[in-house]
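One structure is given here, and the rest of the page talks about it.
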Amino acid sequence: AGVKEDSFNVLDLAEYTKNRPWWRKIFAPSSGSSAEKYNVATQLVIGGVTGWCTGFIFQKVGKLAATAVGGGFFLLQIANHTGYIKVDWKLVERDVNKAKQQLKFHSSGNKMSPEVKSRVDEV
């Protein structure tokens with residue numbers, strides 16, 4: 001039987017790392033567990049950059065959300081004062097009294113502290 005000889009390619013790692021870009025040398029993972037893939041400086045840089053980006057995005061989204069909610073309340077107040085919105089205060093009072101009765105019914109089995117009870121009665 002003929003023996004087939006396998007040919008192997010030899011990879012010179014020193015030459016391979018010389019030809020790699022600097023950022024691949026810094027951020028390229030080594031073999032091992034996920035905690036050992038990057039050195040401490042690389043982990044700090046990646047964590048810092050992603051943390052800053054996340055904070056920046058949430059800051060912009062938070063400002064946009066706050067502006068939208070505040071603008072909505074502002075527009076509702078303008079609409080109320082100009083007469084576009086009419087509030088039926090008797091209906092509001094009836095609904096509040098109904099909610100207070102339900103709170104009293106549900107809280108009769110549970111003992112509420114006096115502070116909470118006084119706040120509920122105020123509302």
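Against the conditions (1) within 26 Å of the chain's Cα centre (by Cα); (2) among the hydrophobic types (A, V, I, L, M, F, W, C); (3) at pLDDT below 90, residue 64 satisfies every one except (3). Taking the numbered list (1) loosely packed, with under 10 Cβ neighbours inside 10 Å; (2) closer than 25 Å to residue 123 by Cβ; (3) modelled with pLDDT of 70 or more in turn, residue 110 passes all entries but (3). Of all residues in segment 72-90, none that is among the aromatic types (Phe, Trp, Tyr) and modelled with pLDDT of 90 or more has its Cβ atom under 7 Å from the Cβ atom of a residue that is surrounded by 10 or more Cβ atoms within 10 Å (Cβ to Cβ) and in a helix (DSSP H, G or I), 6 or more apart or on another chain.
The values are calculated or read from the model by the stated rules, or taken from the named source; none is laboratory data. Everything quoted here is computed from the prediction, not taken from an experiment. Using ideal geometry, Cβ is built from the backbone for each residue, glycine included, and neighbour counts are taken over all protein chains shown.
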